[in-house]
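First the structure, in the form of structure tokens, and then the observations on it.
The values are calculated or read from the model by the stated rules, or taken from the named source; none is laboratory data. All values reported here derive from a predicted model rather than from experimental measurement. Please note: Cβ atoms are built from the backbone with ideal geometry, for glycine as well, and neighbour counts cover all protein chains shown.
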Amino acid sequence: MTALTHDTRSSRTAAGLLFAVVSATSFGMSGVLARGLLDTGWSAGATVALRVAIAAAVLVVPGALALRGRWHLVRDNAGLIVVYGVAAVAGAQLCYFYAVTYMQVSVALLLEYTAPVAVVVWLWLRHGHRPSGLTLLGAAIAATGLVLVLDVVSGAELSTAGVLWALGAMVGAATYFVISADEDNGLPGITLAAGGLLVGATVLVVAGLVGVLPFDASTADAVYDGREVAWWLPVVALGLVTAALAYVTGIAAGRRLGSRLASFVALGEVLAAVVFAWLVLGELPRAIQMAGGLLVLAGVVVVKLGEGRSPLVVEPVPEREVSGRPAA
């Protein structure tokens, strides 16, 4: 039984890591694709709203089917879905897209991804999940890597407005990791993603209609390092890949890894963004930034080792699995 439990846990962790990598890679493309639209006259509000609306339209039917008629789960978790949609979807994306209008994609994303530290602190203060020494060491190593990737050592200039927007995105990202990892609410992951995206799209569209959020768009070709593509191509990719796919796989990862480990593995989004910015926008990272990226990865590995030191919690076996009949 112990070996079976260990194998099940290992398989669950492996699947979680795979989902986390897919999610991080998908999210990492968003800033690069958005930059091409923003440079042709699109506003951050219009870009985010369309991205979220496309993803919501794609996931709403699968999300409803996943409930299998258990609509009470949506009613019982209405507040959670609203918070997820406003903070983790609309807020995080809007703040990030505004940030990339003031600074490089990779720099904005790195500031946003101080979120894992916020998650560790939240779990410690709110739930008493004191991090192990290895977890804290991994966080310190990853933070050092972020400093190097930001290239602040050489005195690189940072936009104050961009930093503030990126920190706003950090709050949204931390909310995303905490809520995504919660399995106690009973909501299927794809239902949570669909509900949050639908709420986020509604908030953004209403804000645009009442004039609170500037909505500007253009049908001019998007330009990426001198290469022109039709405007609708990055729009579709933003909705399908960097939103629908990214959120669904991100929730799946969080539920298998927990919010703390999932948030650190998601730092891979930073590396993905740096690579995409290099390949698509021609923003070549400096050697010190590449060294920082390696430190970020090392920090993730150490955090994983720290998570492995926590005691194994064996879930009780449901009665239906023992007796072969539904529980009373």
Looking at the structure I just gave you, is G186 closer than 27 Å to V82 by Cβ, surrounded by 15 or more Cβ atoms within 10 Å (Cβ to Cβ) and not aliphatic (A, V, I, L, M)? no
Can you confirm whether A193 is small (G, A, S) and modelled with pLDDT under 90? no
Residues that are farther than 21 Å from V223 by Cα, out of contact with any His (no Cβ under 8 Å at 6 or more places or on another chain) and not aromatic (F, W, Y): which helices (runs of 4 or more DSSP H) entirely in the range 19-115 hold 1 or more of them? 44-67, 72-76, 78-83, 92-99, 105-112
Of the numbered conditions (1) surrounded by 19 or more Cβ atoms within 10 Å (Cβ to Cβ); (2) modelled with pLDDT under 70; (3) not in a helix (DSSP H, G or I), S310 fails exactly one; give the number of that condition. (1)
Given the condition assigned to a helix (DSSP H, G or I), at pLDDT below 75 and in contact with a Phe, Trp or Tyr (Cβ under 6 Å, 6 or more places away or on another chain), answer yes or no: does some residue in the range 289-302 qualify? yes
Give the residue that is surrounded by the fewest Cβ atoms within 10 Å (Cβ to Cβ), with candidates limited to residues of the range 114-148 that are of a type in the set (V, I, T) and within 18 Å of G258 (Cβ to Cβ). V121
Do we have any residue at all in the range 216-230 that's modelled with pLDDT under 85, of a type in the set (S, T, N, Q) and assigned to a loop (DSSP other than H, G, I, E, B)? no
Could you grab the pairs with beta carbons closer than 6 Å, sequence gap of 6+ or different chains, first residue in the range 150-179 and more than 20 Å from G45 (Cα to Cα) and crowded, with 22+ Cβ neighbours inside 10 Å, second one polar (S, T, N, Q) and modelled with pLDDT of 65 or more? F177/S259; F177/S263; V178/S259
Which one is modelled with the lowest pLDDT, of the residues in the range 231-246 that are under 22 Å from A88 (Cβ atoms) and β-branched (V, I, T)? T242
Please give the number of the condition L65 fails out of (1) in contact with a helix residue (DSSP H, G or I) (Cβ under 6 Å, 6 or more places away or on another chain); (2) of a type outside the set (D, E); (3) at pLDDT 90 or above; (4) surrounded by fewer than 22 Cβ atoms within 10 Å (Cβ to Cβ). (1)
